[in-house]
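Have a look at the structure below, then the notes.
The values are calculated or read from the model by the stated rules, or taken from the named source; none is laboratory data. In this text the structure is predicted, and so the values were computed from the model without any measurement. Cβ coordinates were reconstructed from backbone atoms using ideal geometry, including for glycine residues, and neighbour counts include every protein chain displayed. To get the accessible areas, we keep the full protein, side chains included, count just its heavy atoms, and leave off ligands, DNA and RNA. Shrake-Rupley method; radii C 1.70, N 1.55, O 1.52, S 1.80 Å.
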Amino acid sequence: KDLDEAISITQAQMTWDGMFASLGGNDVHPPLHHIVLWVLAHTLGTGEWVMRAPSILAGTLLIPALYALAHVLWDRRAGLLAAAMGSVAPFLVWYAQEARMYALVTLLATLATAALVRFLRTGRGAWLFVIAAGGALYTQYYAYLLVVAQVALAAAILRDQRRHLARLALACAALALVAAPWLPVILRDFR
């Protein structure tokens, strides 16, 4: 744990170009969380609370996001139960304290899932899915697996609803455009 956080904090203190060069060598992760830490380090310093603040904020915002997801899937009571369980879940509490990207990707993945469920139910809000899923893709590579699974499931659910399926295709195209600038780095990292 300490070594991972040390890598994040060290990268946050580098020059902008140095940080991006380091992402491909020492810490193979997409840049969103690193950019946030870099901005904080260069404006507020690298104190422990400053470097952990993005994870603390993401972990805190995860609680209402869990509520929203369970509420949209089931009902208000399920939302309250999900929020309560999320507030004491050991891994979520742990990641909310760590100067790494895990709390942020969990928040973004939860928001993307809630947005996609809302889209499947109402046909509206696909852009919320694009924003949250795009953020997740730029935070952690495992988010690609989640987004591919989400889109495949949504396409299967919407297979007979051409209008909604077309909106999903547009959302996927927008998501591909969002992810495209980082594609050369992904290909380099996975060689």
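Odds and ends about this structure:
- Taking the criterion of being touching a residue at least 40 places away in the same chain (Cβ under 8 Å), assigned to a helix (DSSP H, G or I) and either open to solvent by 50 Å² or more (accessible area, probe 1.4 Å) or under 16 Å from Gln97 (Cα atoms) (or both), the residues of the stretch 12-33 that qualify are Leu32, His33.
- The set of residues from the stretch 100-132 being open to solvent by less than 10 Å² (accessible area, probe 1.4 Å) and aromatic (Phe, Trp, Tyr) comprises Phe119, Phe129.
- Matching option when the condition is touching a Leu at 6+ places or on another chain (Cβ under 8 Å) and either assigned to a helix (DSSP H, G or I) or open to solvent by 10 Å² or more (accessible area, probe 1.4 Å) (or both), among Ile9, Ile56: Ile9
- Those residues of the stretch 133-191 which are touching a residue at least 40 places away in the same chain (Cβ under 8 Å), more than 16 Å from the chain's Cα centre (by Cα) and open to solvent by 50 Å² or more (accessible area, probe 1.4 Å), in sequence order: Arg163, Arg167, Leu170, Arg188
- Residues of the stretch 74-89 that are surrounded by fewer than 21 Cβ atoms within 10 Å (Cβ to Cβ), assigned to a helix (DSSP H, G or I) and either under 19 Å from the mean Cα position of the chain (by Cα) or modelled with pLDDT under 95 (or both): Ala83, Ser87.
- Considering Thr106, Thr139, the condition of being at pLDDT 95 or above, within 24 Å of Asp189 (Cβ to Cβ) and not in a helix (DSSP H, G or I) is satisfied by Thr139 alone.
- Any chance Leu62 is closer than 22 Å to Thr139 by Cβ, assigned to a helix (DSSP H, G or I) and open to solvent by 30 Å² or more (accessible area, probe 1.4 Å): no
- The selection criterion, being free of Cβ contacts under 8 Å to residues at least 12 places away in the same chain, in contact with a helix residue (DSSP H, G or I) (Cβ under 8 Å, 6 or more places away or on another chain) and not in a helix (DSSP H, G or I), holds for Arg124.
- Taking the conditions (1) of a type outside the set (Phe, Trp, Tyr); (2) assigned to a helix (DSSP H, G or I); (3) within 30 Å of Asp2 (Cβ to Cβ) in turn, Arg100 satisfies each one other than (2).
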